[in-house]
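Data block below; observations after.
Just so it is clear, none of the values below were taken in a lab; they were calculated from the coordinates. All of these numbers come straight from a predicted model, not from anything done at the bench. Cβ coordinates were reconstructed from backbone atoms using ideal geometry, including for glycine residues, and neighbour counts include every protein chain displayed.
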Ligand code: NAD
């Protein structure tokens with residue numbers, strides 16, 4: 001393996017582990033974040049913290065960003081990366097952002113001679129730490145092999161979804177399915193309970209019947225049947241409701257712009273918004289079961 005010079009911008013819950021995996025694979029990682037605590041963690045993980053984006057991207061082969069949302073990505077690329085990184089550098093944005101901003105940034109990058117990809121991820125912080133994320137990539141076809149190689153230390157699977165913006169489209173469509181199936185699963189469990197059917201027995205049946213989905217088999221929101229699911233730890237950790245809400249909002253914004261009918265996505269956004277407003281934005285999204293059961297008194301707010 002040839003050691004690459006990598007700039008990693010955004011070392012938060014996800015980026016911290018991802019940068020550590022690049023360093024662990026033997027690459028030279030210049031790391032930048034606005035937070036000193038994040039920079040300290042990056043140093044402990046074998047990265048070299050630097051004082052600015054400009055310093056991080058100087059002379060690198062690859063730039064990876066993992067930032068909160070579209071405005072951060074647009075600002076960092078348009079003001080700090082494009083023009084400062086060598087034009088031979090591969091630019092990879094792994095943040096989850098709106099399709100429009102992803103396409104806009106790709107246009108700016110391409111006009112300046114860079115290869116760029118939107119490459120959002122599926123998998124939470126545990127997958128980021130373990131280097132087992134799934135990447136959904138929007139890029140020029142000719143760039144994909146190089147992109148896949150650069151992502152390899154952080155990934156278990158990398159898909160080219162299509163041209164620029166397609167990675168973000170895949171991400172928000174996938175998470176819209178997740179939000180909808182989780183709500184369907186929770187409603188069914190709440191109904192099963194009212195009808196006197198044991199929710200654990202219902203798991204045995206639904207997980208082998210046509211009600212089966214990832215929300216049932218891998219993330220069952222009732223404790224017991226899936227020991228690794230957040231339902232077994234009072235919905236601590238996992239995939240925060242606020243994050244799910246962010247992705248559902250992105251899906252609704254995209255649907256409004258594209259003129260797509262997404263009525264169940266809209267309902268999901270409204271219900272997760274309510275759960276968030278009730279004080280549960282930091283709890284795992286499958287905790288919405290307790291709202292549907294009318295049992296929020298038993299669930300501590302975050
Ligand atoms: P986070 O808030 O923990 O990390 C973001 C980091 O970016 C912070 O450390 C912040 O200081 C830094 N930052 C903000 N503006 C900056 C700037 N101008 N320059 C340098 N650093 C800057 O968020 P996260 O959980 O790591 O999520 C990052 C992205 O990944 C988001 O788009 C999120 O939607 C997506 N995502 C998160 C998860 C998850 O489970 N946490 C899963 C999949 C995708």
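The table that follows gives values for the structure above.
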| quantity | calculated |
| --- | --- |
| Normalised contact order of the stretch 5-164, rounded percent, pairs of Cα under 8 Å and 6 or more residues apart | 20 percent |
| Between the stretch 40-82 and the stretch 1-39, the Cα center-to-center distance that results, in Å | 9 Å |
| From the C-alpha gyration tensor of the stretch 5-164, square roots of 5λ in Å | 21, 18, 14 |
| Cα-based helix-to-principal-axis angle, 241-258 vs the chain, degrees rounded to 10 | 80 degrees |
| Among 13-22, 105-114, the order from most to least packed when residues are scored by Cβ within 10 Å on average | 13-22, 105-114 |
| The stretch 243-302-the stretch 145-216 distance, computed between alpha-carbon centres (Å) | 15 Å |
| Size descriptor, Kirkwood hydrodynamic radius, that averages inverse alpha-carbon separations across the chain, Å | 20.2 Å |
| Shape category assigned to the stretch 65-134 from the gyration tensor of Cα positions, a/c cut at 1.5 | prolate |
| Folded to 0 to 90 degrees: helix 99-111 orientation relative to the chain principal axis, Cα | 10 degrees |
| Mean separation of Cα contacts under 8 Å (6+ apart) over length of the chain, as relative contact order % | 12 percent |
| 207, 95, 268 arranged by Cβ crowding within 10 Å, fewest neighbours leading | 207, 95, 268 |
| Of 166, 102, 266, the one that fluctuates the most in a GNM where the chain has Cα springs shorter than 10 Å | 266 |
| Per-residue Cβ neighbour rank within 10 angstrom, fewest leading, 228, 302 | 228, 302 |
| Cut-off 16 Å (backbone N to label point 7 Å along Cα→Cβ of residue 267), residues of the stretch 140-178 | 176-178 |
| With 5 Å bins from 0: P(r) over the stretch 158-274, alpha-carbon pairs, percent | 2, 11, 18, 20, 18, 15, 9, 5, 2, 0, 0 |
| Highest-MSF residue in the chain out of 206, 115, 258 [GNM, Cα springs under 10 Å] | 258 |
| Whether the stretch 136-213 is rounded, prolate or oblate, judged on the alpha carbon gyration tensor where a/c under 1.5 counts as rounded | prolate |
| Contact order relative to length of the stretch 171-298, as percent, for alpha carbon pairs under 8 angstrom and 6 or more apart | 31 percent |
